[in-house]
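Scroll down for the structure; my scribbles are underneath it.
The values are calculated or read from the model by the stated rules, or taken from the named source; none is laboratory data. Computed from a prediction, not measured in an experiment: that's the story for all the values here. Quick reminder, even Gly has a Cβ in these numbers, built from the backbone with ideal geometry, and neighbours come from all protein chains shown.
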Amino acid sequence: MQPIRQQFSVPFTYEVRFTVGLFQSGNPLLADALTEREGRRPVRTLFVIEDGGAAHHPTLVADIAAYAATHRQKLDLVADPMIVPGGEQAKNDPDLVRQIQQAIADYVIWRHSHVGAIGGGALLDLAGYAAATAHRCVRHIRVPTTVLAQNDSGVGVKNGVNAFNSKNFLGTFAPPQAVLNDRLFLRTLDDRDWRGGISEAIKVALIKEAAFFDFIEREAHWLHPSVRADEPMQELIYRCAEMHVEHISAYGDPFETGSSRPLDFGHWAAHKLEALTNYDVRHGEAVAIGISLDCVYAHLAGYLAESDLERILATFEVLGFDLFHEALLSRLDDPAHSDSLYQGLEALREHLGGQLTYMLLNSFGDAFEVHEMDHSVFVRSAQYLRERALTKQNASNVSA
């Protein structure tokens, strides 16, 4: 018998939209996004809100209820929003996934309904995974509330939770119905969450576009958490999100079936650093260290010019990032130990299916793939960041 061959393609279309006051009754953006595929029928919707966002925006639940009442011809609010923990630790708790799935079942959220996730990247990952695994994929809308979620993690097609001591071990590729960025949520961020997302923009700039890095370098003072200039931050979020979405569609591998992960530049070390510190180092902070480590490595290996390296590290420092953590030195002489940062490469190798592939930098906008790392150069790179941090600290003590 001849084999029966099936081949088909499924187009995905969604928009990343920008607004102010998403849940103000006069703003039609959310209601229109919910009914884009359903016409005029009210869409059953369950909201899941990160607890930190609910605390910083105490009227949010009431605002959602008022919005639903105003737009009841389009939005059927099935219950009060669920309030769940956020942050990376939430992705370590399988019971939270089950709670959201239980609510989807209890409130009869079917495949033409929506789960609306409001929070940072970890909450969006968690709620998106719960929705994607219910009824073989309930539609979901993302409302990112942090810089990192608005410009990076919230605009892609991945959802996931941590399991078996691995970050995002369980996950899906389930594009959202829409991503709705409301700049008002950024006003209540703490300094760390304001700053954290900028590291992802630097990541995209370094591998994609020198002019974007020039912009971040030039505006770094205004982007600092102590200043918080709105206009450059909105430009940073928009351009980073634009490049992220463009990469997913144009690079030709939106569901990561290949072995190349350009958008994971600096992340092999970041993910391991988060785990080694029990997530005391937040994702954006770990990414800043991971990028810096890989850039120092590229310089010491003879690729990246010292002047370019200095511009990168100095920009991170102007923004207020710490580029060294003691966990970098954990088991530095024992790369096979599970507590060695170097084991982040093995985790990446496993995730990619056996062939290690990660990005290094030649210059701004010029990244290339490598398949191995020299441990001795890695050690020198970690020590380089340590010495730089000590020099900076000593200079600060003298000036004080």
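Assorted remarks:
- Test result for Val287, under 23 Å from Gln150 (Cα atoms) and either at pLDDT below 95 or not in a helix (DSSP H, G or I) (or both): no
For every residue, the table says whether it meets (1) out of contact with any helix residue (DSSP H, G or I) (no Cβ under 6 Å at 6 or more places or on another chain); (2) closer than 18 Å to Leu184 by Cβ.
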{"residue": "Asp32", "(1), (2)": "yes, no"}
{"residue": "Glu36", "(1), (2)": "yes, no"}
{"residue": "Arg41", "(1), (2)": "yes, no"}
{"residue": "His56", "(1), (2)": "no, yes"}
{"residue": "Ala62", "(1), (2)": "yes, yes"}
{"residue": "Ala66", "(1), (2)": "yes, yes"}
{"residue": "His71", "(1), (2)": "no, no"}
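- Residues that are over 27 Å from the mean Cα position of the chain (by Cα) and either in the same structural domain as Ala127 (by TED's automatic domain parsing) or among the hydroxyl-bearing types (Ser, Thr, Tyr) (or both) number at least 2 in the following helices (runs of 4 or more DSSP H) confined to segment 1-80: 60-70.
- Every residue from segment 37-60 that is surrounded by fewer than 14 Cβ atoms within 10 Å (Cβ to Cβ) and on the phi < 0 side of the Ramachandran plot: Arg37, Arg40, Arg41, Ala55, Pro58, Thr59
- Candidates Gly154, Gly196, Gly160, filtered to the one that is touching a residue at least 12 places away in the same chain (Cβ under 8 Å), within 30 Å of Arg136 (Cβ to Cβ) and assigned to a helix (DSSP H, G or I): Gly154
- Selection of segment 237-253 for residues being farther than 12 Å from Val147 by Cα and surrounded by fewer than 17 Cβ atoms within 10 Å (Cβ to Cβ) yields Glu242, Glu246, Ser249, Ala250, Tyr251, Gly252, Asp253.
- Scanning segment 163-188 for residues that are under 19 Å from Arg139 (Cα atoms), in a strand (DSSP E or B) and either assigned by TED's automatic domain parsing to the domain that holds Ala229 or not hydrophobic (A, V, I, L, M, F, W, C) (or both) gives Gly171, Thr172, Asn181.
- Filter pass, Gln73 being among the polar types (S, T, N, Q) and free of Cβ contacts under 8 Å to residues at least 12 places away in the same chain: no
- The residues of segment 210-236 that are surrounded by 16 or more Cβ atoms within 10 Å (Cβ to Cβ) and either in contact with a strand residue (DSSP E or B) (Cβ under 7 Å, 6 or more places away or on another chain) or small (Gly, Ala, Ser) (or both) amount to a single one, Ala220.
- Considering Leu345, Leu360, the condition of being touching a strand residue (DSSP E or B) at 6+ places or on another chain (Cβ under 6 Å) and hydrophobic (A, V, I, L, M, F, W, C) is satisfied by Leu360 alone.
- Sole residue being at pLDDT 95 or above, crowded, with 17+ Cβ neighbours inside 10 Å and assigned to a loop (DSSP other than H, G, I, E, B), chosen from Phe316, Phe378, Phe321: Phe321
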